[in-house]
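Chemist: Pasting in a structure now, in structure tokens, and then I'll have a few things to ask.
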Amino acid sequence: MVMKRIIPCLDVKNGRVVKGVQFLNLKDSGDPVELATRYDAEGADELVFLDITAGIEHRDTAVRMVEAVAKAVFIPFTVGGGIRQAEDADAMLLAGCDKVGVNSAAVRRPELLTEMANRFGRQCVVLAVDVRRTNTGYRVVVDAGRTETPWTLEDWLDEAQRRGAGEVLLTSMDQDGSNAGYDLESLRIATARLRIPLIASGGFGEARHALEAFRAGADAALVASALHTGGLTVRRLKEQLANAGVEVRPC
């Protein structure tokens with residue numbers, strides 16, 4: 001059995017970790033290097049570092065910050081935000097991360113996924129997919145949830161997987177920051193379409209939510225604000241999941 005992963009997420013704006021609701025009303029949650037170091041020591045399986053406004057502000061992800069975080073941790077590390085071409089991904093990998101996340105740019109030009117997979121290997125390509133629930137199903141959104149696209153969740157996952165995505169990070173914009181649990185229906189839809197790993201994102205508040213996501217088919221659970229506030233640790237979360245019968249890596 002493949003062990004389930006717990007992945008702390010560091011959403012960063014202007015050099016600080018922030019967290020809000022549906023990417024709005026952002027509040028400071030700390031220094032990215034300090035938090036990354038803490039989560040590594042607590043037993044996190046991986047980290048995700050997202051410069052959440054890099055794309056819409058048309059600026060590159062802060063390479064020096066990526067270098068600092070990468071030097072501070074000893075676990076796999078994904079970085080995303082502002083990745084618009086393969087050269088941007090190359091810069092991030094050279095800065096020290098293990099994988100690169102891409103979102104809006106891939107929706108606008110799906111060929112980017114193929115270019116990245118051919119150049120770096122699809123194991124390095126993490127496709128971030130943001131969705132909103134509509135009357136006709138789930139619709140893919142870009143620009144930090146500001147712009148709705150013609151893509152349905154099902155069609156975009158099929159296309160992206162064919163193009164070379166190696167992993168999918170699926171965020172429910174409706175649940176993001178709510179601490180009320182992941183959108184399980186979207187996870188089930190994604191699980192049915194994918195042959196690559198799926199990371200659940202948007203809505204974690206307690207161990208039960210990760211358990212539900214794993215039962216819905218997710219391979220990993222992305223966790224943010226519940227950890228940043230200090231109310232829960234990676235170690236404690238893994239203990240609770242192990243007690244519930246989930247196979248997780250020991251801390």
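Chemist: Can you pull out the residues in segment 89-100 that are buried (at least 24 other Cβ atoms within 10 Å of the Cβ) and under 22 Å from Asp143 (Cα atoms)? Lay out the reasoning, then the answer.
Modeler: Of all residues in segment 89-100, those buried (at least 24 other Cβ atoms within 10 Å of the Cβ) come to 89, 92, 97.
Selection gives Ala89, Met92.
Chemist: Another one. Within segment 112-144, track down each residue that is among the aliphatic types (A, V, I, L, M) and at pLDDT 95 or above.
Modeler: Those that are among the aliphatic types (A, V, I, L, M) and at pLDDT 95 or above: Leu112, Leu113, Met116, Ala117, Val125, Val126, Leu127, Ala128, Val129, Val131, Val140, Val141.
Chemist: For segment 25-39, state whether one or more residues are assigned to a loop (DSSP other than H, G, I, E, B) and at pLDDT below 90. Can you show your working first?
Modeler: Residues of segment 25-39 assigned to a loop (DSSP other than H, G, I, E, B): 31.
If we keep only those that are at pLDDT below 90 too, we end up with 31.
So far as segment 25-39 goes, yes, one or more of its residues are assigned to a loop (DSSP other than H, G, I, E, B) and at pLDDT below 90.
Chemist: Taking the options Arg188, Arg162, Arg146, name whichever one is without any contact (Cβ under 8 Å) to a residue 24 or more places away in the chain and not polar (S, T, N, Q).
Modeler: Values: Arg188 fails: without any contact (Cβ under 8 Å) to a residue 24 or more places away in the chain; Arg146 fails: without any contact (Cβ under 8 Å) to a residue 24 or more places away in the chain.
Among Arg188, Arg162, Arg146, only Arg162 is without any contact (Cβ under 8 Å) to a residue 24 or more places away in the chain and not polar (S, T, N, Q).
Chemist: Could you grab me the full set of residues in segment 173-202 that are touching a strand residue (DSSP E or B) at 6+ places or on another chain (Cβ under 8 Å) and modelled with pLDDT under 95?
Modeler: Across segment 173-202, the qualifying residues are Met173, Asp174, Asp176, Gly177, Ser178, Gly202.
Chemist: Can you tell me how many residues in segment 122-140 are part of a loop (DSSP other than H, G, I, E, B) and buried (at least 19 other Cβ atoms within 10 Å of the Cβ)?
Modeler: So the first thing to find is which residues in segment 122-140 are part of a loop (DSSP other than H, G, I, E, B), and the list is 135-136.
Those left that are additionally buried (at least 19 other Cβ atoms within 10 Å of the Cβ): none.
Of the residues in that region, 0 qualify.
Chemist: Could you list, in sequence order, the residues of segment 84-105 that are under 11 Å from Asp51 (Cβ atoms) and in contact with a Leu (Cβ under 8 Å, 6 or more places away or on another chain)?
Modeler: The one that is under 11 Å from Asp51 (Cβ atoms) and in contact with a Leu (Cβ under 8 Å, 6 or more places away or on another chain): Gly101.
Chemist: While we're on this one: Are any of the residues in segment 6-19 assigned to a loop (DSSP other than H, G, I, E, B) and either over 26 Å from Met173 (Cβ atoms) or modelled with pLDDT under 95 (or both)? If you could, list the steps in order and put the result at the bottom.
Modeler: Within segment 6-19, the first condition is being assigned to a loop (DSSP other than H, G, I, E, B), and the residues that meet it are 14-15.
Subsequent filtering for residues that are either over 26 Å from Met173 (Cβ atoms) or modelled with pLDDT under 95 (or both) retains 14-15.
Yes - at least one qualifying residue is present in segment 6-19.
Chemist: Looking only at segment 161-179, decide whether some residue is touching a Leu at 6+ places or on another chain (Cβ under 6 Å) and aliphatic (A, V, I, L, M).
Modeler: Yes, because at least one residue in segment 161-179 is touching a Leu at 6+ places or on another chain (Cβ under 6 Å) and aliphatic (A, V, I, L, M).
Chemist: So which residues in segment 78-88 are crowded, with 23+ Cβ neighbours inside 10 Å and at negative phi?
Modeler: Thr78, Val79, Gly80, Ile83
Chemist: Among the numbered criteria (1) out of contact with any strand residue (DSSP E or B) (no Cβ under 7 Å at 6 or more places or on another chain); (2) surrounded by 16 or more Cβ atoms within 10 Å (Cβ to Cβ); (3) not acidic (Asp, Glu), which one does Pro250 miss?
Modeler: With respect to (1) out of contact with any strand residue (DSSP E or B) (no Cβ under 7 Å at 6 or more places or on another chain); (2) surrounded by 16 or more Cβ atoms within 10 Å (Cβ to Cβ); (3) not acidic (Asp, Glu), Pro250 is out only on (2).
Chemist: Turning to a different aspect of this structure: Conditions first: (1) modelled with pLDDT of 95 or more; (2) under 25 Å from Met3 (Cα atoms); (3) in contact with a helix residue (DSSP H, G or I) (Cβ under 8 Å, 6 or more places away or on another chain). Arg163 passes all but one, so which condition is the exception?
Modeler: The failed condition is (2).
Chemist: Residues in segment 86-119 that are over 17 Å from the mean Cα position of the chain (by Cα) and within 22 Å of Glu46 (Cβ to Cβ): how many? It would help to see each step written out before you state the result.
Modeler: Keep residues of segment 86-119 that are over 17 Å from the mean Cα position of the chain (by Cα), which gives 86-88, 90-91, 94-96, 108-112, 114-119.
Imposing the further condition that a residue be within 22 Å of Glu46 (Cβ to Cβ) reduces the set to 88, 90-91, 94-96, 116-117, 119.
Looking only at that region, the number is 9.
Chemist: OK, next. With the requirement that a residue be in contact with a Gly (Cβ under 8 Å, 6 or more places away or on another chain) and at pLDDT 90 or above, what does segment 68-79 give you?
Modeler: Across segment 68-79, the qualifying residues are Lys71, Phe77, Thr78, Val79.
The values are calculated or read from the model by the stated rules, or taken from the named source; none is laboratory data. None of the values given here were measured: they were computed from a predicted structure. All Cβ positions, glycine included, derive from the backbone under ideal geometry; neighbour counts span all protein chains shown.
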